[in-house]
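The values are calculated or read from the model by the stated rules, or taken from the named source; none is laboratory data. What you see is a predicted model; the values in this text were computed from it and never measured. Because the Cβ atoms are built from the backbone with ideal geometry, glycine has one as well, and the counts that use them run over all protein chains shown.
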């Protein structure tokens, strides 16, 4: 099935380009992990915070190394004594001019702490601040996820904590064609879901574990920012401590189901909402085949599936129904605030 | 001014009763910190998670000791290798029958890990599971906060990290009369705010730092669970990465301003919303005097101010306007799910 507003050929070419950065990322990580370090910090805000989220969650399954996921806005005001010149600090900003990121990176540099990471090209303000910047020209979510995982899992490999790194990284060459297939499979549902729910005055979303970041990102950075669609996003565990009371046949609830150890929490939400609203929408990463990728790596890839089918595909179809361009903003980055 | 549905005399008596538990809490903490321990874990879910939140946030300003705030629902499914018999584990459930809490405490006990904490009396299922349970008969939010702070700050005192403990704890004898005065000051605004916004189809809330837990609790456990009022709750830093685009004169935004280092983030939201919606509601803990309590302890007490004026007072006045009893639930604890 043809995908609306999507150039499959270009997508696969861009994927290959992103994958080709593997060697550069690995060389950087090998260089910086050869020196002494005692912690890792990922700096993000909004979408980038949400994209680092699963990478940190996954890493914590394999290591006890302190890994801090910092919201760059909060980082600027909070106590930062845990971040020292023994911390490996990474960040990312496609535009390279996200104000909070720039300020947080400048703070680190002023303390003599190098910051590594990604921006779209060498012209951005962030490129000037990063040590050995890596240029992520494609920048869309799964490209970012892949590069962030190269960073984090290579660190773990070098610590002897993720011995499957080479096999995993080799298999990531199949990622983009798998995510294209996931898009094609989801497309008819995307059309249907968007037609049914794009005009709802309020939509609830649940997610958990490795998928919490993407649940947060899709609702906050896509539906709210780009579509002016009102959402409530709550973790699967917390759903049962307040938001459940709002559910009835008027309220759409999207249940985003993952494949990590939090899945039973998602399944509990699924059982509840199927019984208490006619507007239950179940999105399950398990429904999507990852050909050429071992099952043990599915959890790692699960946020990439969600970003492909929701953050990219469903967004396009919401736009088709709301008539609200995904490019339009009235405030965000339009003026100083 | 008389407070609607509020017995001031009983409130002060209950406060004195809660304060009188100080000695029992201190004796427990002194006993358990005399043995070796290497971390602290607070187990909560929904309202109790949110109430432990500021206590953990405050503690982290004074110590590098690992302190884990665990959502009991997630705790049950996630990796728990960081919780050992060297961890001091605390929990709380007024009803004493919160399913996730009971299961999480049973898990700990099965591992030979004692769990300490609070429940309303000796008849609850939780009372049977806790080691040396302490009975918090009053149970409302500020009572819980006070007891949780006695726990956490006494631990820090015993580590030499909060030397002001005795002065702080002595001054807490003034807390309940101060929170009564805060209620009396806020009452006319509570009436006005509820009359104006209780029927809104959607209301946004921002908060940060030590007040994030209470922001989360008021919206999720009070407005959603007890009033079926739809909310969006977002941290002050993240507000600028998505939700801001939704704001215009139709959208009420409640900005909850605290007094810790995150305050500049709240002030940034305040400036934005005052300019972009006529429905900006600013709630600032600074407006409330804490007589007999030193200024350096205001941040510690700030969630108690919010719980007094929003979670208790504003809830009462929402109920007066929605006609939806705060006691009514259609699902929560009504049957198995």
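Overview of values
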| read-out | value |
| --- | --- |
| Residue B:242 being surrounded by 23 or more Cβ atoms within 10 Å (Cβ to Cβ), at pLDDT 95 or above and over 20 Å from residue B:279 (Cβ atoms) | no |
| Residue A:269 being at the interface with another protein chain (Cβ under 8 Å from one of its Cβ atoms), under 20 Å from residue B:336 (Cα atoms) and modelled with pLDDT of 95 or more | no |
| Filter result for residue A:86 (out of contact with any helix residue (DSSP H, G or I) (no Cβ under 6 Å at 6 or more places or on another chain), modelled with pLDDT of 95 or more, surrounded by fewer than 18 Cβ atoms within 10 Å (Cβ to Cβ) and in the same structural domain as residue A:44 (by TED's automatic domain parsing)) | yes |
| Lone unmet requirement of (1) away from chain B (no Cβ under 11 Å); (2) touching a helix residue (DSSP H, G or I) at 6+ places or on another chain (Cβ under 9 Å); (3) part of a helix (DSSP H, G or I) for residue A:205 | (3) |
| Lone qualifier among B:256, B:282 - being surrounded by 23 or more Cβ atoms within 10 Å (Cβ to Cβ) and either touching a residue at least 24 places away in the same chain (Cβ under 8 Å) or within 14 Å of chain A (Cβ to nearest Cβ) (or both) | B:256 |
| Test set (1) at pLDDT below 95; (2) under 25 Å from residue A:82 (Cβ atoms) - residue A:110 fails condition number | (1) |
| Residue count for segment B:181-201, restricted to those that are out of contact with any strand residue (DSSP E or B) (no Cβ under 7 Å at 6 or more places or on another chain) and crowded, with 17+ Cβ neighbours inside 10 Å | 8 |
| Search result, residues across segment A:152-174 that are in contact (Cβ under 8 Å) with a residue 40 or more places away in the chain and closer than 19 Å to residue A:293 by Cα | A:152, A:153, A:154, A:162, A:164, A:167, A:168, A:169, A:171, A:172, A:173, A:174 |
| Scan of segment B:138-147 for residues that are buried (at least 18 other Cβ atoms within 10 Å of the Cβ) and in a loop (DSSP other than H, G, I, E, B), ordered by number | B:138, B:139 |
| Residues that are in contact (Cβ under 8 Å) with a residue 40 or more places away in the chain and either assigned to a loop (DSSP other than H, G, I, E, B) or more than 21 Å from the chain's Cα centre (by Cα) (or both), drawn from segment A:115-132 | A:132 |
| Candidates A:76, A:43, filtered to the one that is crowded, with 24+ Cβ neighbours inside 10 Å and either in contact with a helix residue (DSSP H, G or I) (Cβ under 8 Å, 6 or more places away or on another chain) or under 16 Å from residue A:102 (Cβ atoms) (or both) | A:43 |
| Test: residue in segment A:97-104 that is crowded, with 24+ Cβ neighbours inside 10 Å, more than 10 Å from every other protein chain (Cβ to nearest Cβ) and at pLDDT 95 or above | yes |
| Residue match in segment A:233-253 (condition: in contact with a strand residue (DSSP E or B) (Cβ under 6 Å, 6 or more places away or on another chain) and more than 10 Å from chain B (Cβ to nearest Cβ)) | yes |
| Hey, residue A:170 surrounded by fewer than 23 Cβ atoms within 10 Å (Cβ to Cβ), modelled with pLDDT under 95 and under 22 Å from the mean Cα position of the chain (by Cα) or not | no |
| Helices (runs of 4 or more DSSP H) wholly inside segment A:10-83 containing at least 3 residues that are within 25 Å of residue A:176 (Cα to Cα) and within 13 Å of another protein chain (Cβ to nearest Cβ) | A:47-60 |
| Any hit, segment B:117-137, residues being surrounded by fewer than 22 Cβ atoms within 10 Å (Cβ to Cβ), under 25 Å from residue B:306 (Cβ atoms) and at pLDDT below 95 | yes |
| Residue in segment A:293-301 that is free of Cβ contacts under 8 Å to residues at least 24 places away in the same chain, farther than 27 Å from residue B:242 by Cα and in the same structural domain as residue A:182 (by TED's automatic domain parsing) present | yes |
| Members of segment A:93-133 that are under 18 Å from residue A:39 (Cα atoms) and touching a helix residue (DSSP H, G or I) at 6+ places or on another chain (Cβ under 6 Å) | A:104, A:105, A:115 |
